[in-house]
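J.: If you scroll down you'll find the structure; I have some questions about it.
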Amino acid sequence: MKKHTFRRCAAAIAACAVMASAFTANVSAASAGGNRNIKATGVEPVVKASSVTLWGDVNCDNTVDMGDAVLIMQFISNPNKYGLEGSDQHRMTQQGLINGDVYQVGTGVTNSDATSIQRYLLGAIGNLPESYADIPFTETTTTTTTTTTTTTTTTTPTTTTTTTTTTTTTLPPTTTTTTTTNSKLNIPDYGTPMNSSATMVEDFRDGSSRYFIASDGWENGDPFDCGWYASQTSLDKGCLTLSIDRDYTGKYNYAGAEYRTNDFYHYGYYETSMQAIKNDGVVSSFFTYTGKSDNNPWDEIDIEILGKDTYQVQFNYYTNGQGKHEYMHNLGFDASQGFHTYGFDWQPDHITWYVDGRAVYTARENIPNTAGKIMMNTWPGRGVDGWLNHYNGRTPLTAYYQWVTYNQGGPSNNNNNQNQNQNPWEQGNQNPWGQGNQNPWGQGNQNPWEQGNQNPWGQGNQNPWEQGNNDQQQNQQQNNSTPSGITDYGTAMDSSATMISDFRTGNAGDFFASDGWTNGSPFDCWWYERNAVIKGGCLELSINQKWSNDQKSDWNPRYSGGEFRTRNFYHYGYYETSMQAIKNDGVVSSFFTYTGESDNNPWDEIDIEVLGKDTTKVQFNYYTNGQGKHEYMHNLGFDASEGYHTYGFDWQPDHITWYIDGKAVYTAYDNIPRTAGKIMMNAWPGLTVDEWLNAYNGRTPLTARYQWVTYKK
């Protein structure tokens, strides 16, 4: 922050402080100006992030600055002018009230929200909102009851007829309202129910603990800036609380809390109901661990919520001290706002992590095999600001746990795939398949969280959080050399698939080349048939110079690109290709399905895209009726430009699962596309998307290669 900006912020804070002291407006005074929702009553729902356009943007100008803090103070001090129905044209709006509730979200806009915005602008806090209130969660269900109140049958004999009369009365629908909360703390519970039939059940809600004990009187060393104290744990609030506080003994900087089982547990399903801490520099966790202290190798499986961004959870594991398996999953909710269930199914050949009963990520390489203790802890970090952000010393901070279960038989029926996970790297974008549109994929994001750190479980060891790839497989088992001399590391083509286009035979199958047109921005190329050729035992899609003087009035690309697409449309099933991607800044190699306006259909699309700037990663994405915001970056564990690998996705009505070299690596469940589309591949350079692809250096020719494409219904 520049010095003059800091001075302006400081001056504005002083002005707001004076304003706050001059006007002691309470809720009723502000309500007189038309604001009926300044203060929550204790039963109003917490504001959901989906209704917020930008946290802190009170005046709705798409930026957060001192004007937002000032508007809050004006709104409170002069509701007749700045209330919802005030006389000033720059008065508060309903959206502004939602955006501005950044301190104790759910309690409405107060002076504290203005202070939070100022603290954010000065860098005292790293993110908005600053905190959430504990507001009960209310669910309303409507049940329609039909009751037959009278059934009368009258039979009148005559010489020719019999008459029967039936009367039925239906009562109107009745509405039943229930509130699901923690009974003592009024924390909403959004998770799945506890599996009461699990092999081990520890229900902290009954105020006791049979299987766990508190760590007490020692420390792990860096990066844990605390000692463990039993006094930081409690069972007297209707759940287990693990708190971070100051160490009043002076032995350590802070006091942290840790709960661990006496017994060891092996393969099976582990789950907890937890509300995490929101605060820079801290971690709330649930994991299994064993190591030198147990005379065992260091094996560990982690679920960690970083207080700097409680909309995400980090998964991780170690096998005999070997880590590099960090994976950041976007939750689609704020983990500090209520209880959610977090679990993992540990089996000899894989670990699958679950959120609210839904499988969200699976790891399959070098799986831990040593039984460990089940543990939870809360702690502030030291020397890991790049990973956690700097801890501001705020205390006390508390994470809440309702229960822990372990089921030797795996996940229970409670895990019914009902969670609503949203994607990590969302950007609102327009359709790229027509002219003049903006980048559909948003910024290319690398995992920003990992930092190399030292081992928390003992001095002098390598850290669990080092950068690394989720799937370290090198797929060297096949090591087949193709006719062009390119090594094939992928799985074999499925010769029993419903549709097979094997370019190695020299035939295009169901595909043809796009020719003589352009998609517009951000595609800095025209499609030419000569850039999509089958030769040397594969399909080659090339980026090259522009072959003609073709121009568009609104877009004049500088290069040529290659695109192959099917004549027919394909629906639910498994799609796969064998591809070698291009390594070069500014370009994309792809495999996807697409349909849209050109087919008189809604824009539905499912993508696999390797960005040339970093070919050790692949981006998954999809659109449903033009609605995207589902980008996901996966670490491959190999370089996609150094040989053939297989890339695929299984598209079903309720999910899409992406595969790399035959292994499932990511699944999406929300708002799945439903319109049949064409199968496509293309290679192209981008313009105006340097932050996503890096700037294209104009290097030509560049070629992506494809051996085959299959579709299996």
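J.: On a 29 Å Cα-Cα criterion, which of the cross-link pairs LYS324/LYS713; LYS546/LYS629; LYS629/LYS663; LYS251/LYS292; LYS613/LYS663; LYS308/LYS663 come out too long? If you can, show how the numbers build up before the last one.
T.: Numbers: LYS324/LYS713 36 Å; LYS546/LYS629 32 Å; LYS629/LYS663 24 Å; LYS251/LYS292 25 Å; LYS613/LYS663 24 Å; LYS308/LYS663 32 Å.
Flagged as over cut-off: LYS324/LYS713; LYS546/LYS629; LYS308/LYS663.
J.: Another question about this same structure. Let me check something: with ligands and nucleic acids excluded, how do TYR103, TYR644 order by accessible area (1.4 Å probe), largest to smallest?
T.: Details: TYR103 75, TYR644 0 Å².
Greatest to least solvent exposure: TYR103, TYR644.
J.: Follow-up question, since we're still on this one. Please report the orientation-averaged projected area of segment 240-287, defined via the convex hull of its C-alpha atoms, in nm². Don't skip to the answer; put the middle values down first.
T.: Working: hull surface 20.0 nm².
That works out to 5.0 nm², a quarter of the Cα hull's surface.
J.: A follow-up question, please. Please list GLU365, GLU691, GLU605 in order of solvent-accessible area, largest first, computed with a 1.4 Å probe with all protein chains present.
T.: Numbers: GLU365 35, GLU691 135, GLU605 0 Å².
Greatest to least solvent exposure: GLU691, GLU365, GLU605.
J.: May I ask you to derive the FRET efficiency for THR616 and GLN545 from their Cβ-Cβ distance with R0 = 25 Å, giving the value to the nearest 0.05?
T.: On the way: r = 29 Å, r/R0 = 1.15.
Computed FRET efficiency for THR616 and GLN545 comes out at 0.30.
J.: Taking amide hydrogens as modeled 1.01 Å from N in the peptide plane, which residues meet the under 5 Å criterion relative to ASP65, leaving out close sequence neighbours?
T.: none
J.: Also: Within 10 Å, Cβ to Cβ, of TYR575, how many net charges do the neighbouring residues add up to if Lys/Arg are +1 and Asp/Glu are -1? Let's see the in-between values first.
T.: Details: positive: LYS712; negative: GLU576, ASP650.
Net charge around TYR575: -1.
J.: Compute the projected area of the convex hull of the Cα atoms of segment 319-405, averaged over all viewing directions, and report it in nm² to one decimal place. Numbers along the way, then the final one.
T.: Working: hull surface 29.9 nm².
Computing the convex hull of the Cα atoms and averaging its projections yields 7.5 nm².
J.: How long are the three semi-axes of the equivalent ellipsoid of segment 586-679, in whole Å, if each is the root of 5 times an eigenvalue of the C-alpha gyration tensor, listed from largest down? Before the final figure, lay out each step's value.
T.: Numbers: eigenvalues 110, 43, 25 Å².
Gyration-tensor ellipsoid for segment 586-679: 23, 15, 11 Å.
J.: With θ set to phi - 60° and the Karplus curve 6.51 cos²θ - 1.76 cosθ + 1.60, what are the ³J(HN,Hα) couplings of segment 199-214 in order, to the nearest whole Hz, using x for Gly and Pro?
T.: Residue by residue, segment 199-214 yields 4, 10, 10, 10, 9, 6, 5, 8, x, 9, 9, 8, 10, 10, 9, 8 Hz.
J.: Return the FRET efficiency for the residue pair LYS552, SER51: r is the Cβ-Cβ distance, R0 is 35 Å, and the value is rounded to the nearest 0.05.
T.: Numbers: r = 40 Å, r/R0 = 1.13.
For R0 = 35 Å, the calculated efficiency reads 0.30.
J.: Continuing with the same structure: Let's see if you can work this out: charge +1 on each Lys and Arg Cβ, -1 on each Asp and Glu Cβ, no other charges. What is the dipole magnitude of segment 514-581 about its Cα centre, in debye to the nearest 20? Kindly include the intermediate steps, with their values, before the conclusion.
T.: Values: 7 positive and 8 negative charges, 20 e Å.
In total the dipole reaches around 100 debye.
J.: Another question, then. With Rg and the Kirkwood Rh both taken from Cα atoms, where does Rg over Rh land for segment 217-334? Spell out each step's value before the answer.
T.: On the way: Rg = 15.1 Å, Rh = 15.8 Å.
Rg/Rh for segment 217-334 comes to 0.95.
J.: Here is a follow-up. Expressed as a fraction of 2.2 N^0.38 Å, the rule-of-thumb size for a compact globular protein of N residues, what is the C-alpha radius of gyration of segment 571-617?
T.: Rounded to two decimals, the normalised Rg is 1.39.
J.: Order the following by accessible area, largest value first: MET680, MET194. Probe radius 1.4 Å; ligands, DNA and RNA are ignored. If you can, show how the numbers build up before the last one.
T.: Details: MET680 0, MET194 40 Å².
Greatest to least solvent exposure: MET194, MET680.
J.: Distance from a point 7 Å along Cα→Cβ of TYR248 to each backbone N in segment 375-405: keep the residues under 15 Å and list them by number.
T.: What the label zone holds, given the 15 Å backbone N cut-off, is 395-397.
J.: I need the phi-derived Karplus couplings for segment 533-547: 6.51 cos²θ - 1.76 cosθ + 1.60, θ = phi - 60°, integer Hz, Gly and Pro marked x.
T.: Result, rounded to whole Hz: 10, 9, 7, x, x, 6, 8, 10, 10, 10, 9, 8, 5, 7, 8.
J.: Also, quick follow-up: Can you run phi through the Karplus equation (6.51, -1.76, 1.60; θ = phi - 60°) for segment 578-592 and list ³J(HN,Hα) in whole Hz, with x for Gly and Pro?
T.: For segment 578-592, the Karplus curve yields 10, 9, 10, 8, 8, 9, 5, 3, x, 10, 9, 10, 9, 8, 6 Hz.
The values are calculated or read from the model by the stated rules, or taken from the named source; none is laboratory data. In this text the structure is predicted, and so the values were computed from the model without any measurement. Quick reminder, even Gly has a Cβ in these numbers, built from the backbone with ideal geometry, and neighbours come from all protein chains shown. Accessible surface is based on the protein model in full, side chains and every heavy atom, while ligands, DNA and RNA are left aside. Shrake-Rupley method; radii C 1.70, N 1.55, O 1.52, S 1.80 Å.
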